[in-house]
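Peer 1: Supplied in structure tokens, the structure appears directly below.
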Amino acid sequence: MKAETKLIHGVSPDSLTGAISTPIYQTSTYVQEAPGINRGFDYTRTNNPTRKILEETIATLENGRSGLAFASGLAAIDAVLKLLNAGDEIIAVDNIYGGTFRALTTVYNRLGIEVKFVDTAESENVLHAISDKTKMIWLESPANPTLKISDIAAISRTAKAYKVWVVVDNTFASPALQNPLDLGVDIVIHSATKYLAGHSDVLAGLTVVRDPELADRLKYIQNATGGVLAPFDSWLTLRGIQTLYLRMEKQSANASKIADFLNQHQEVDKVYYPGLTSHKNHIIAAKQQRAFGGIVSFSLKDDTTAAADGFITSTSLFKLAESLGGTKSLLCHPATMTHKSIPEKARHAIGIQDSLIRLSCGIEHVDDLIEDLEQAFV
């Protein structure tokens, strides 16, 4: 079966009732026949039937062995980072999500885990950065917010030679557009809050792996530290994910047309979108992705926070808000919102200009979205 069909029919009707929709097993505990003798469930932190179906679903979509669901994307990130020990080192994409940057530089650095931020758009930079202490390479591709593309397969081959884990945050592409495990990656992470749940109504994180030992280690961390996704939120994510492929197709098509519009606008300085032939590593993106996604970022010729503020407060359909990936179009100002935890000098060095604006294109009619952006330039 194709992935779209597997998504819809991969979840069997409920074995107890035949319900076509996965029930919400809103329970904290389960009756046991005797100590240790149960029906596969003893406590919801350890396992829950609704969450289990979601975990199996994301594992199937990512062509993985084991999926795990967490209370947020950052909770999933936190669980993966707990695989490391004091003295270990991470090589991370320099253009990284602000929340991940914050966790690495203000939490895990205090626990003895070092991080090197590298421009992973050039694969050889990763090779040059690897040391005896390197245990993990952390990629986002496309990266947030300038859509930096890394050659996932090439970097994974390098990592294998040094026995280093490769982690890819696949939030922007989703499994509808990209499957990093097929490119040699060890761990895939999603903020399921975004495209997977898809309706801006749930907070969730997911991880997927293939290696059985790594799966067991992450499962242990999930249970031992307890940042699990609740049954209701698991159900909401399952409900939203059923339309993932339809939404991503529309959102990618909208983003492509909007990127072309912005690329020709006299007030726009730079446009960041992997679908543009001018985008660095466009050819790599075309090779490892099935489409280019629903996010477009751009900077203004008037490269000031004031100019960006004037624009982002003038749109009507594009709502000013954190997050992305929902059915409604959103926009944000990374320098003062999603990436404000990154120092100004470091932000500028990785291309997050004062005027940079990130668009999350929804499923509205693209002509209406373009008209909304056009009037905001006036």
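The values are calculated or read from the model by the stated rules, or taken from the named source; none is laboratory data. Since we're looking at a predicted model, the values are computed, not measured. Cβ: placed from backbone, ideal geometry, glycine included. Neighbour counts: every protein chain shown. For the accessible areas, the whole protein counts, side chains as well, though only heavy atoms, and no ligand, DNA or RNA atoms are used. Shrake-Rupley method; radii C 1.70, N 1.55, O 1.52, S 1.80 Å.
Peer 1: Just checking, does the stretch 362-377 include any residue being open to solvent by less than 30 Å² (accessible area, probe 1.4 Å) and within 21 Å of ALA143 (Cα to Cα)?
Peer 2: There is at least one residue in the stretch 362-377 that is open to solvent by less than 30 Å² (accessible area, probe 1.4 Å) and within 21 Å of ALA143 (Cα to Cα).
Peer 1: Search the stretch 47-69 for residues that are at positive phi and pair each with any residue that is among the polar types (S, T, N, Q) and crowded, with 21+ Cβ neighbours inside 10 Å when their beta-carbon atoms are under 8 Å apart and the residues are at least 6 apart or on different chains.
Peer 2: Hits for this filter: ASN63/ASN179.
Peer 1: Here is a check on your reading of the model: is SER200 among the polar types (S, T, N, Q) and closer than 21 Å to LYS52 by Cα?
Peer 2: Here the answer is no, as SER200 does not meet what is asked.
Peer 1: Those residues that are assigned to a helix (DSSP H, G or I), in contact (Cβ under 8 Å) with a residue 40 or more places away in the chain and among the hydrophobic types (A, V, I, L, M, F, W, C), I need them from the stretch 158-178; list them, please.
Peer 2: ALA176, LEU177
Peer 1: Another question about this same structure. Can you find, within the stretch 24-73, the residue that is farthest from GLY205 (Cα to Cα) among those that are assigned to a loop (DSSP other than H, G, I, E, B), open to solvent by less than 50 Å² (accessible area, probe 1.4 Å) and among the hydrophobic types (A, V, I, L, M, F, W, C)?
Peer 2: Filtering the stretch 24-73 for residues that are assigned to a loop (DSSP other than H, G, I, E, B), open to solvent by less than 50 Å² (accessible area, probe 1.4 Å) and among the hydrophobic types (A, V, I, L, M, F, W, C), the one farthest from GLY205 (Cα to Cα) comes out as PHE41.
Peer 1: Another question, then. Which of the residues that make up the stretch 88-112 are open to solvent by less than 10 Å² (accessible area, probe 1.4 Å) and out of contact with any Gly (no Cβ under 8 Å at 6 or more places or on another chain)?
Peer 2: GLU89, ILE90, ILE91, ALA92, VAL93, ILE96, GLY98, THR100, LEU104
Peer 1: Cβ-Cβ below 6 Å, separation at least six or inter-chain, first residue in the stretch 88-102 and in contact (Cβ under 8 Å) with a residue 60 or more places away in the chain and acidic (Asp, Glu), second open to solvent by 10 Å² or more (accessible area, probe 1.4 Å) and part of a loop (DSSP other than H, G, I, E, B): which pairs?
Peer 2: ASP94/ASP119; ASP94/ILE350
Peer 1: Taking the stretch 195-214 as the region of interest, how many residues are under 18 Å from ASN179 (Cα atoms) and crowded, with 20+ Cβ neighbours inside 10 Å?
Peer 2: The total comes to 8.
Peer 1: Scan the stretch 235-280 for residues that are in contact with a Lys or Arg (Cβ under 9 Å, 6 or more places away or on another chain), over 24 Å from SER191 (Cα atoms) and open to solvent by less than 70 Å² (accessible area, probe 1.4 Å) and report the count.
Peer 2: 1
Peer 1: Does VAL185 satisfy being buried (at least 23 other Cβ atoms within 10 Å of the Cβ) and under 24 Å from ILE58 (Cα atoms)?
Peer 2: yes
Peer 1: Go through the stretch 306-335 and give me each residue that's open to solvent by 70 Å² or more (accessible area, probe 1.4 Å) and at pLDDT below 95.
Peer 2: Within the stretch 306-335, GLU322 is the sole residue that qualifies.
Peer 1: Condition test on VAL296, is it over 27 Å from LEU244 (Cα atoms) and touching a helix residue (DSSP H, G or I) at 6+ places or on another chain (Cβ under 9 Å)?
Peer 2: When the stated conditions are applied, VAL296 does not pass them.
Listed here are the residues, each with its yes/no results for (1) open to solvent by less than 30 Å² (accessible area, probe 1.4 Å); (2) out of contact with any Gly (no Cβ under 7 Å at 6 or more places or on another chain); (3) at negative phi.
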position: ALA79; (1), (2), (3): yes, no, yes
position: ALA86; (1), (2), (3): no, no, yes
position: VAL118; (1), (2), (3): yes, yes, yes
position: ALA121; (1), (2), (3): yes, yes, yes
position: ALA129; (1), (2), (3): yes, yes, yes
position: ILE155; (1), (2), (3): yes, yes, yes
position: THR158; (1), (2), (3): no, yes, yes
